[in-house]
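Some notes on the structure that comes next.
The values are calculated or read from the model by the stated rules, or taken from the named source; none is laboratory data. Owing to the predicted nature of the structure, the values given are computational and were not obtained by experimental measurement. Methodologically, a virtual Cβ is constructed for each residue, glycine included, from the backbone with ideal geometry; neighbour enumeration extends over all protein chains shown. In case anyone asks, the SASA skips ligands and DNA or RNA and just uses the protein heavy atoms, side chains included. Shrake-Rupley method; radii C 1.70, N 1.55, O 1.52, S 1.80 Å.
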Amino acid sequence: MPRFLVTGGAGFIGSHLARSLIADGADVDVVDDLSTGAGANVPDGAELVDLDLAGNGATQGLPDRRYDAVLHLAGQSSGEKSFDDPLRDLDANARATVALGLWAKGRGVPVFLHASSMGVYGQVPDPPVREDREPKPISYYGASKLVAEQALRVMDEDGFRTVSFRMFSVYGPGQNLADLRQGMVSIYLAFMLGGQPVSVRGSLDRVRDLVHVDDVVAAWRAALERPLRGPVNVGAGEPVRVRQLIDELLVACGLEPDYPVEQQPDTPGDQTALWADITRAREELGWESAIGRRDGLATLVAWARERS
């Protein structure tokens, strides 16, 4: 029976991934410091290790077990928040990844999958963006993710395969609707379900690439089986303007199209227009997004209403 270590497994994407692995019969250990995740998100059957991987000597607290792969999703995941404490961001996203990668390699773990971000690209004048474009991050978050990617590529060799998923705007059931500084879709939905005007920080003409969490899980699962290495985009490969997203959310919520929207100043480090070229994922992972936005937004709204 395969055994996996999933860091950040009490968070949004990590809990979905851990649940998927367990459903297929794997043993899963979850590592999470519960600073943003919640113990209730850890799926039944997983063992939780409460640990901050950014701390000195943190890897000494990891289980003494053999793993078929490490799936590393723990870290700070907001571009805006990275400006609050850039050093903490570097510790959480770069230092912790390097330490965990060295630990895994030293123990003979053959596969290391890493949650990177579209934030490594920065402003791109001519999207869609391919993995071979030179990264030029404009946030400490993007910079810290890029450092982690590059360190893993230094470690990568026969017997230790590393993959960095440059994930675009992931949405779906399980998002933290209480966090209004992370997750464009969940932020706008939280305002709508609370009966408040939708507060938009930045232009309504900004463009994003929205990918459902179940599609993201499928990409990670595919990478466990395929010989992919290095960075790979995980997005729907389709541009969506902020105004269009809001209109589609209003339809999913059954609200009127003239629902109030209030524009606010930009957030620091925000990217103007970015969507993914997913050619590499399609050709080397056999993966592409399968869940359309209409269905994806409907599942998110239904989930959010069930828990309210």
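Helix 213-225 axis versus longest C-alpha principal axis of the chain: approximately 20°, rounded to the nearest ten.
Accessible area per residue for the chain, computed on protein heavy atoms with a 1.4 Å probe, is 43 Å². Charged neighbours of ILE13, selected by a Cβ distance under 13 Å, balance to -1 (K, R count +1; D, E count -1).
Each peptide in 259-270, 145-156, 109-120 was scored by the mean count of other Cβ atoms within 10 Å over its residues; highest first, the order is 109-120, 145-156, 259-270. Listed by chain and number, the lysines placed with their C-alpha closer than 21 angstrom to that of LYS136 are LYS81, LYS145; residues fewer than eight positions away on the same chain are left out. Rounded to the nearest 20 debye, the dipole magnitude of region 114-260 is 340 debye, with +1 charges on Lys and Arg beta carbons, -1 on Asp and Glu beta carbons, and the Cα centre as origin. Measuring between their Cα centroids, region 191-216 and region 37-52 lie 28 Å from each other. For region 232-242, the Karplus equation 6.51 cos²θ - 1.76 cosθ + 1.60, evaluated at θ = phi - 60°, returns couplings of 8, 6, 10, x, 6, x, 9, x, 9, 6, 4 Hz by residue, with Gly and Pro reported as x. Surface composition of the chain: carbon and sulfur make up 48 percent of the accessible area, probe 1.4 Å.
Between helix 184-193 and the chain there is an angle of about 50 degrees, using the helix long axis and the longest principal axis of the Cα atoms.
Candidates LEU274, ALA252, GLN264 compared by Cα position along the dipole of region 242-308: farthest toward the positive end lies ALA252, with charges placed on Cβ. Convex hull volume per residue, computed on the Cα atoms of the chain, equals 121 Å³.
In a simple Cβ point-charge model (Lys, Arg +1; Asp, Glu -1; nothing else charged), the chain has a dipole of about 300 debye relative to its Cα centre. Between amide H atoms placed 1.01 Å from N, distances below 5 Å from GLY9 occur with VAL31, all of them 5 or more places distant or on a separate chain.
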